[in-house]
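To start, the structure under review is shown below, and the notes come after it.
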Amino acid sequence: MGYGAIGANGAQPMMANGHALAPGSPQMAAACEGVHNLVCSKEALSFVLKDLGFPSLGYMVALAASIALPSVILMMIYGQTRIFFTMSRDGLLPKRLAKVHPRFHTPHVITMITGVAVAFFAALFPVGLLADVSNSGTLFAFAMVSLGVLVLRYTQPERPRPFRIPNMLVWPICVGAVIGCVVLFFSLSEFTKYFFLGWAAAGLILYALYGMRNSDMARKPR
């Protein structure tokens with residue numbers, strides 16, 4: 001069965017195993033008629049490489065992805081548990097969630113709860129959808145951090161800042177980061193945008209009903 005692989009350098013008819021087709025053969029004609037777009041394909045890179053006739057390289061890419069993905073997931077869960085730990089220690093979440101293991105000195109309660117929640121959603125929803133939802137929150141956090149840098153330089157100029165850059169560079173970097181995050185956010189799917197808005201609204205309601213009254217930082221005199 002013939003395939004036509006269209007790339008940046010034009011069409012290259014080939015067999016599924018990567019061998020070139022004989023000019024004028026029926027297989028060549030079938031390959032030219034049934035063109036298979038690989039550059040625009042949404043399939044994984046390993047699948048595309050296998051389709052192009054490079055199965056070994058495709059397996060290497062798949063193996064590298066299999067090794068890299070667990071470390072990325074681990075770091076995301078690690079960061080999320082520490083965010084919840086800090087929030088619960090401040091009072092934005094129940095303080096019992098900030099309990100630290102007596103031997104390992106880690107927030108084991110919030111780690112187990114987060115792990116179960118991540119496993120639950122990973123089992124029910126597509127990975128691509130979960131990635132988009134996670135990206136929306138990450139982009140929002142990066143944008144808020146950039147805005148916070150600008151605000152704190154004027155509202156709290158006396159804060160210790162071991163790492164300093166010229167003031168003329170702060171605005172372009174932070175504003176550029178915010179614009180980039182906004183552009184990337186609006187490139188996400190419509191479902192992801194609405195889901196993020198709903199999730200943000202739920203967070204604001206939780207803060208208004210619980211966090212605002214229990215947060216140690218919110219009760220500090222300014």
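Any chance you could list P(r) for segment 53-209, counting all Cα-Cα pairs in 5 angstrom bins from zero, rounded to whole %?
In order of increasing distance, the bins hold 1, 7, 11, 14, 16, 17, 15, 10, 5, 2, 1, 0, 0 percent.
If each residue's Cβ is checked for other Cβ atoms within 10 Å, how do 178, 100 rank with the fewest at the top?
Values: 178 18, 100 14.
Arranged by neighbour count, lowest to highest, 178, 100 become 100, 178.
In what sequence do 152, 93 fall when counting other Cβ within 10 Å, fewest first? Don't jump to the answer; show the numbers that get you there.
Working: 152 12, 93 21.
Arranged by neighbour count, lowest to highest, 152, 93 become 152, 93.
How large are Rg and Dmax for segment 127-222 when only the alpha carbon atoms are used, in Å?
Spelled out, the Cα radius of gyration and Dmax of segment 127-222 are 16.6, 45 Å.
Within the set of other residues whose C-beta is less than 13 Å from the C-beta of residue 185, count the net charge using Lys and Arg as +1 and Asp and Glu as -1.
-1
Order by neighbour count: 75, 168, fewest other Cβ atoms within 10 Å first, most last. Before the final figure, lay out each step's value.
Details: 75 10, 168 7.
Exposure proxy ranking, most exposed first: 168, 75.
All of the numbers you see were taken from the coordinates with simple rules; none came from a lab. Just so you know, these numbers come straight off a predicted model, no measurement behind them. Please note: Cβ atoms are built from the backbone with ideal geometry, for glycine as well, and neighbour counts cover all protein chains shown.
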